[in-house]
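Okay, structure first, notes after.
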Amino acid sequence: MPYYGYFNGAIQPVDQIGVGITDLGLLRGYGLFDYFLTYNGRPFQWDLYWARFEKSAGRMNLPLPLTKEQTYPILLDLLARSGEPNVAFRFIMTGGYAPDSISIVTPNLLMLSEPIHPVPEWQYERGIQVILDDYVRETAEVKTTDYKRVMLLHGAIQAAGAQDVLYHKDGEISELSRSNVFLVMGNRLVTPNRNILYGVTRRTILDLARDDFQIEERPVLLSELYEASEVFTTSTNKKVLPIVRIGNLPIADGQVGPVSKQLLARFMAFTGR
Ligand SMILES: *Cc1c(COP(=O)(O)O)cnc(C)c1O
């Protein structure tokens, strides 16, 4: 079955949706989005994703054309049309069409259902490698459509035999290009709390780990990677993915550790899969 999308009031197969050429997302890179999954026919952590989408829109001065209550039935309609219990949703909001190519008149809102592209299984078994990059995302707490940094680094990531990049600035780490980062230090779970996109998966893992770990949400130094027994990254699509090498530094013994595995299992149980 085709995947369906909603665009400014109409529901259509995704491949038939077109956005006009004066859209500020295209002309000025002015846009934000959110991305979430359904598990067993239900949108996972919908309240948290919607709250973030709403906050991002506010931060970008884009009035949401739909309320949460108006959006949910549309979401369920798109899900039903896909014929699948497990799909991805991408909500995209741009500055809309601008006659003078700068003023915001009416934002464009797109809601697309998509097939899920799971992370290859070997990455969970062996862990991933990341390169380091001296960078901090602009308006980091907003899920903007600006990923040009990682797109420019794509070649360097591949050349290093790595899968992603860890951003750091002034000796402080923040996050990967599209996911958050955690350090395991014995019984402590440490994760940066500034210059990041506040991931729903990050929040979920903190909640699931609270009873068994001492949680530290605080600025984290690059040098602390030397002390970590494990490092992992979290996102909607990656869930809990171990990182075994950062730049030239193997994390601990360079193997996937037990805490990453345990938290992944706990997360999957929480999703009901
Ligand atoms: C989406 C994203 C994350 C992870 O957020 P989730 O809600 O867990 O998917 C982290 N950092 C960046 C830059 C992102 O775009």
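For a quick check, take a GNM of the chain with Cα springs below 10 Å and name the residue from Y30, Y49, Y226 with the largest mean-square fluctuation.
Between Y30, Y49, Y226, it is Y226 that shows the largest mean-square fluctuation.
For the chain, modelled as a Gaussian network with Cα springs under 10 Å, which listed residue fluctuates most, M111, M151, M60?
M151
Measure up K148/K261; K148/K239; K55/K238; K169/K239; K143/K169 against 28 Å on the Cα-Cα distance and list the ones that go over.
Flagged as over cut-off: K148/K261.
Could you work out what % of the accessible surface of the range 4-114 is carbon and sulfur, using a 1.4 angstrom probe and leaving DNA, RNA and ligands out of the count?
On the range 4-114, the fraction of accessible area on carbon and sulfur atoms equals 55 percent.
May I ask you to compute the full-extension gain from M151 to Y226, defined as 0.36 nm times their residue separation minus their alpha-carbon distance, rounded to one decimal in nm?
24.2 nm
Top to bottom by accessible area (1.4 Å), largest first, where do T38, T22 land?
T22, T38
Tell me, what is the FRET efficiency for M185 and R266 to the nearest 0.05, using R0 = 25 angstrom and their Cβ-Cβ distance as r?
It comes to 0.85.
Would you mind working out the magnitude of the charge dipole of the range 149-273 relative to its Cα centre, with +1 at each Lys and Arg C-beta and -1 at each Asp and Glu C-beta, to the nearest 20 Debye?
For the range 149-273, the charge dipole is close to 480 debye.
Given the options V244, V87, V19, which has the most mean-square fluctuation in a GNM of the chain, springs set between C-alpha atoms less than 10 angstrom apart?
V19
Evaluate E = 1/(1 + (r/R0)^6) for E217 and Q158, where r is the Cβ-Cβ distance and R0 equals 41 Å; express this FRET efficiency to the nearest 0.05.
After rounding to 0.05, the efficiency reads 0.80.
For A140 and D47, compute 0.36 nm times the residue count separating them, minus their Cα-Cα distance, and round to one decimal in nm.
That pair, A140 and D47, stretches by 31.4 nm at full extension.
What does the helix-only formula give at 222 nm for the chain: each DSSP H stretch with n ≥ 4 adding -39500 (n - 2.57), the total divided by the residues, and the result rounded to the nearest 500 deg cm²/dmol?
The per-residue figure over the chain is -8500 deg cm²/dmol.
Give the accessible area for H117 in Å² (nearest 10); use a 1.4 Å probe, count only protein heavy atoms, and leave out ligands, DNA and RNA.
Counting only protein heavy atoms, the figure is 130 Å².
Hey, got a sec? Which trypsin sites (Lys or Arg not before Pro) in the range 1-79 land in a DSSP loop and have at most 11 other Cβ atoms within 10 Å?
none
If you count only protein heavy atoms with a 1.4 Å probe, what accessible area per residue comes out for the chain, rounded to a whole Å²?
The answer is 47 Å² per residue.
The values are calculated or read from the model by the stated rules, or taken from the named source; none is laboratory data. From a predicted model like this one, the values you see are computed outputs, not experimental measurements. Counting neighbours? That spans all protein chains shown, and the Cβs are built from the backbone with ideal geometry, glycine included. Remember, those area values only see protein heavy atoms, side chains included, never the ligands or the DNA or RNA. Shrake-Rupley method; radii C 1.70, N 1.55, O 1.52, S 1.80 Å.
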